[in-house]
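K.L.:
For reference, the structure I am asking about is given below.
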Amino acid sequence: MNAEYLQWIELDRAALSHNLKQFRALVGPKRKVLAMVKANAYGHGMSQVADLALAEGADWLGVHSLEEGVSLSDQGIRTPILISGYVALSDLEEAVVHGLRLTVYNPEAIERLGRLCQDRRLQAYVHIKLETGTNRQGVDPGKLGAMIEQLRLYPGIVLEGISSHFADIEDTTDHSYARRQLESFNRSLAELEKKGLRIPLRHMSCTAAAILFPETHFDMLRVGIGLYWLWPSKETYVSSLQQDRDPLELHPVLAWKARIAQVKSIPKGAFVGYGRSFRATRATRLAVIPIGYSDGYPRHLSNIAHVLIEGQRAPLRGRVAMNFITADITDIPAAGLEDPVVLIGRSQADQVSADMLAAWAGTINYEIVARLSPNIPRIVKESKAED
Ligand SMILES: Cc1ncc(COP(=O)(O)O)c(C=O)c1O
């Protein structure tokens, strides 16, 4: 398959569909599920994943930037798209013209939007981001009332949603800080309701919150990492077991593969790669694989990781270079030129996961997948996996 590609990413439609159904089952049919496709759909390929997620039941899409939102809109997607990041004041018009939903927390943005809507007879849909303790984006609860008043000045702005984001729900099994954030969010919502304001879409749930705290589901989930199969952290998994929940059974959506570009034999004592960081302790057969750190394979994995060939582990020898890695195939005699190599994914009974690469590289699975180069071709596999 895909003989024309030297490297490619396979996306499993059935797996994405299955994972979406798991989250749908968590929240029931009435709440919305927003599929987070920012950062090139966590490296999976935004354009392809957006189409798949919508076809498989997502209600909303979430992106980080205006550019991502415009690109989906230009792709013909008319389902609501929420920009969760910052949009420059000078770019607000473009977002509104494309019908993109904006996350707002600065009075300057509201004023600019308001005038824009008046002058150009446009309608802008906004979601207030409330600061509950992450201290990233968000309006302080004490300033929420003033922001609502400001919004009322501009009939062209539709207050469609209110959101917040957890700071410490993935990294710990102690969720007291997350609970305090939730309480803060609830307090602000209650104050608004006392004043007769019920904002239609309240949302605070990322993957970990969706799994661990039904009370965070509100009107919409914003699910990222879980859609793609990956658990937010070990702690999230352990917490779900501690809560006596059946852990969600998620299926891997992505596999990253490449082909062997050269097979070579080196004698005992020969060095491999930049810096001569590996020296062969035996006569060694090497596979040169044409991917490197510019494709998103962490340089930190030099001499640490392994790839899979014919279901067997081939350890990396030498440094991960910009465009090449080199693996030891001495014990895989069948491996030959242009044979497929699995960098992330399954090969027969064995598997290399983004979690494994993350642990070896001292980072998180989010970073491993999000850094996969957008230049790698993405291929959707339509084969039907079991639910
Ligand atoms: C604002 C916001 N909502 C939702 C998510 C999705 O989080 P997760 O990938 O953990 O589901 C993210 C991810 O970083 C985010 O920044």
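K.L.:
Return the residues of region 122-162 that are more than 16 Å from the ligand (Cβ to nearest atom) and among the hydroxyl-bearing types (Ser, Thr, Tyr); say none if nothing qualifies.
P.N.:
If the condition is that a residue be more than 16 Å from the ligand (Cβ to nearest atom) and among the hydroxyl-bearing types (Ser, Thr, Tyr), then Tyr125, Tyr154 are the ones that fit.
K.L.:
Still on this structure: Pairs only if they're at least six apart or on different chains, beta carbon under 9 angstrom, first in region 225-248 and within 20 Å of Tyr42 (Cα to Cα) and without any contact (Cβ under 8 Å) to a residue 40 or more places away in the chain, second among the charged types (D, E, K, R) and surrounded by fewer than 23 Cβ atoms within 10 Å (Cβ to Cβ); list them, first residue then second.
P.N.:
Lys234/Asp355
K.L.:
Considering only residues that are among the hydroxyl-bearing types (Ser, Thr, Tyr) and surrounded by fewer than 19 Cβ atoms within 10 Å (Cβ to Cβ), which ones fall in region 337-354?
P.N.:
Within region 337-354, the first condition is being among the hydroxyl-bearing types (Ser, Thr, Tyr), and the residues that meet it are 347, 353.
Result: Ser353, single match.
K.L.:
Here are some residues: Leu197, Leu248. Which one is under 29 Å from Ala58 (Cβ atoms), part of a loop (DSSP other than H, G, I, E, B) and within 13 Å of the ligand (Cβ to nearest atom)?
P.N.:
Working: Leu197 fails: within 13 Å of the ligand (Cβ to nearest atom).
Answer to the selection: Leu248.
K.L.:
Something else: Those residues that are within 13 Å of the ligand (Cβ to nearest atom) and part of a strand (DSSP E or B), I need them from region 56-100; list them, please.
P.N.:
Trp60, Leu61, Gly62, Val63, Leu82, Ile83
K.L.:
If I ask for residues that are surrounded by 17 or more Cβ atoms within 10 Å (Cβ to Cβ) and either over 19 Å from the mean Cα position of the chain (by Cα) or of a type in the set (Asp, Glu) (or both), which ones from region 48-72 would you list?
P.N.:
Within region 48-72, Asp51, Glu56, Glu68 meet the criteria.
Values in this text are rule-based calculations from the coordinates and carry no lab data. Just so we're clear, the structure is a prediction, and the values are computed from it rather than from any experiment. When we count neighbours, we look across all protein chains shown, and the Cβ atoms used for this are built from the backbone with ideal geometry, even at glycine.
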